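Heads up, the thing below is written out as structure tokens.
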Amino acid sequence: MHLAYVDESGDAGVTGGSSTYALACILIDEDNWLPALDGVISFRRFLKSQVGIPMVQELKANYLLHNSGPWLTKNPLGSSIRGRIYNMSLRLQEKLDLTVFGVVIDKAKLAAPGAEPPAMFAWMRMVERLERFSTNNKSSIVLVHDQGDGDLVRKIARRARRLGIVGAHYGPGSLKRPFALLLDDPVSRNSRHSYLLQLADLDAYAAFRRCYPPPARNQQIIRSQTWDLLGSARLLAVNKLAGGPAGIVWQPK
């Protein structure tokens, strides 16, 4: 069995807000769950001892980018330190034997009469890849996601379990691939209480920036190549046929 932790980056609205919507998923084998969690806890203890970030404080991409959030607003850190924290957070995931992939949606290209809303489109791509991972590895999946889209995620998951209709890679038509190994409904959690969802938040923004590089600055918290610090943790199979950045489903093109 694998646990799949998913968090998002960007605005899910059809118009306005961000130009993209991104999801990132961290997959953890059940036998590795506690060692991986202990590894993240050790990392957070290191950050507390070195720069003072309390272990109970949520670590999110937006907080590191803008010195925002409950703690950093009152205790701002230099951009170089925040950049190193971001980089270490991604490098850590390979060391903990995690598996990571992302979904990045270009909202402008998706916008068309009758098109699916960005969040629905992104979650459908996410669930399709989880089904392929589950089937190929003969492993059941428990899906854990950040709060906010519970009704939508549950609807997509239930449909995938029974119908699982996805587009064919070659030629017209679709394939029926029920997500039979998806256990129960997805679990909605407050990311404030989950270090693993917080890592997924950092991954989601890094996936977005891998597809859409940030503007040049003297001190960059994150670069286009930050996603690649995940190394072998990236799940290359998710876009093996479609191409694009390693481990990222980038649609529509």
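The values are calculated or read from the model by the stated rules, or taken from the named source; none is laboratory data. Computed from a predicted structure; not experimentally measured. Positions of Cβ are generated from backbone atoms using ideal geometry, with glycine treated the same way; all protein chains shown enter the neighbour counts.
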*From ALA216, ALA207, grab the single residue that is without any contact (Cβ under 8 Å) to a residue 12 or more places away in the chain, closer than 29 Å to GLY78 by Cα and outside any strand (DSSP E or B).*
ALA216
*Would you check if LEU64 is loosely packed, with under 13 Cβ neighbours inside 10 Å and either touching a strand residue (DSSP E or B) at 6+ places or on another chain (Cβ under 7 Å) or in a helix (DSSP H, G or I) (or both)?*
no
_Quick check on my filter: what residues within segment 137-149 are modelled with pLDDT under 95 and either among the polar types (S, T, N, Q) or over 16 Å from the mean Cα position of the chain (by Cα) (or both)?_
GLN147
*Return yes when ILE41 is within 30 Å of VAL238 (Cα to Cα) and exposed (fewer than 15 other Cβ atoms within 10 Å of the Cβ) and no when it is not.*
yes
*Find the residue count for segment 12-31, including only residues that are touching a residue at least 24 places away in the same chain (Cβ under 8 Å) and either surrounded by fewer than 17 Cβ atoms within 10 Å (Cβ to Cβ) or assigned to a loop (DSSP other than H, G, I, E, B) (or both).*
8
*Please find, among ALA112, ALA24, the residue that is among the small types (Gly, Ala, Ser) and modelled with pLDDT under 95.*
ALA112
*Checking THR73 against (1) assigned to a helix (DSSP H, G or I); (2) of a type outside the set (Asp, Glu); (3) over 23 Å from the mean Cα position of the chain (by Cα), which single condition isn't satisfied?*
(1)
